[in-house]
Amino acid sequence: MTRKASRPARLLRRRAAAVALGAVVVTSVPGAGATAETQKVDARLDYVCSFPSGEQPVTVAVTARLPAEAAVSQEIEPSDVATSVELPQAAVDELRSLGAATATPASALSIDLTQGAEKATTAWHGTGQPVPLPQTGPLSLGTSGDVAALSSGTPGDLALTATTIDLDLTLLTDQGTPANTPSLSVSCTPKPGDPGSGHLATVRVTADASASPSGPPDSPGATPSASPGGDSARPAGPEPAAPKPAAPRKATAPPCHKNAADTLPLVAYITGLSNVTKLGGASLIPVSCSQINQGPSSLKPRPDGLHLLQHSTGRLFNGGAPRSVPGTSTFLTFGFTPTTARMVLEQTGPLTIDSDLNLTKGTGVTDLRVPLVLRVYDVRVNGTPLDVGPDCRTRGSLYSKDPDPAQDTQDHLHLQGTVTRQPNGVYAGYTLTTGGVLTSTLTIPPFTGCGVGEDLDKLLTASISGPDNFTKQVQGQVCAPDTVPRVPTECTEDGRPVVVPEPQR
């Protein structure tokens, strides 16, 4: 999608999302790069996007913060990066014709980095929340996310220019089920006209090495030592940061092995992010183990094609109990008081996984249903312990609307993943065995059992409980531990999953 950088990148650090660990609650931390020396990007650009019916004019707004000046080889960290793509009425009507009532966007904006005759390319990725399609008028789709740092090995003005943008839309009906076309990828190019209209910002790169980050010679923040004519000579020109090499994760991932009672056992790691609307932030769900008993598959002809159906069951697993790994959440009570708490998700009933793949159309959907109670303990307000007692929890399961009217009750969380067959025959999206993304919009029930000597239920309920909390769970590739021989890219020698997924915004 993006052009390859003109020279290899040396920076190895990618700025991590400023999110503290927790099962459901944490508030975002402003980007560290937003200081008095930053400049604000606020651009409104004209694009042309290729929809199935033809080209449509759209407007793309880009906002961000960047340092106004940086030293040679010093990291330049964009912060508060956000895009907003405004689709015209005709494009909205086309989404409706695909059976959509809401659209969830993900974007990738290509950025040209130019310094004199040198050029490189990077991309600013972002994700957004579901947006209802309006009956009339344009549709604005906002995305945001952390992006890779930049650097330059020579002094001079470094210009950032927006070029193409790719927009991926997840389309749902008004019942929350996948639309007739569950996903749509749209490529957009700048509208022909002023060649400089995509300019976002210019960062002045100075030769003052005193501003360079310090660190051991081999550390990611260190400046490579220059040796004239040698391989370690400092590169010239702009550079996007390279992805950080994957570090061994087995030490941080919890134990994860099969349930001996399962007839066709699978194990997989899961993680994810969940918004907490009342706190205006997102929480990280720590990497946890799921044990799955894969059910048999069956073929069923239906009017719209031949369907492959499968019903499986499962459970969370941590220390022998059906629960997630506990995490420490940090949030701001009443918007200004720092509060930390230990939290865990406890499974209180059966976990079911129902997959329906339309082999004729090449589209599929998986519905995961599970009752999860959120338990809170070890709460500290501004460093002072707040005794919530041993049984502070939500009054029932986190819950969301279920597309099946017979199961639409407030006693379980419903997550859904979709998959689509690509032109090359490969399926892209979520399947039980390959993993992928499952999403939901959940309600956090009121709290109960909180407090020792005083009732703290109302305090927790007022601070956290409520609807419209978008959740994105990521499941890794499963390990089938009973398969002989075991697949080395899927299972360790002791039958644990190899793939430890990363949360996605």
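The numbers here are math on the coordinates, done by the rules we state, and not lab data. These figures come from a predicted structure and were not determined experimentally. As a convention, Cβ positions derive from the backbone with ideal geometry for all residues, glycine included, and neighbour counts pool all protein chains shown.
Using a/c under 1.5 as the rounded threshold, could you call the stretch 407-452 rounded, prolate or oblate? The axes a ≥ b ≥ c are square roots of the C-alpha gyration tensor eigenvalues, and prolate needs a/b larger than b/c, oblate otherwise. Mind dumping the intermediate values first?
Details: a/c = 4.64, a/b = 3.20, b/c = 1.45.
The shape class here is prolate.
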Practice problem: Mind ranking 291-298, 264-271, 135-142 by how tightly packed they are, going by the mean number of other C-beta atoms within 10 angstrom, highest first? | Solution: 264-271, 291-298, 135-142
Practice problem: Sort 349-355, 448-454 for me by packing, meaning the mean count of neighbouring Cβ atoms within 10 Å per residue, highest on top. | Solution: 349-355, 448-454
Quiz prompt | By average C-beta atoms within 10 angstrom, highest first, the peptides 412-419, 378-385 | solution = 412-419, 378-385
Self-check item: Separation in nanometres of the label points that stand 7 Å from Cα toward Cβ, at D354 and E69
Solution: 6.4 nm
Quiz item: Looking at Q291, G417, N358, which one has the Cα that reaches farthest to the positive end of the dipole of the stretch 265-475 (charges on Cβ: Lys, Arg +1; Asp, Glu -1)?
Solution: N358
Quiz item: When D402, D494 are ordered from fewest to most other Cβ atoms inside 10 Å of their Cβ, what list results?
Solution: D494, D402
Quiz item: Taking the radius of gyration and the Kirkwood hydrodynamic radius from Cα positions alone, what is the Rg/Rh ratio for the stretch 265-475, to two decimal places?
Solution: 1.03
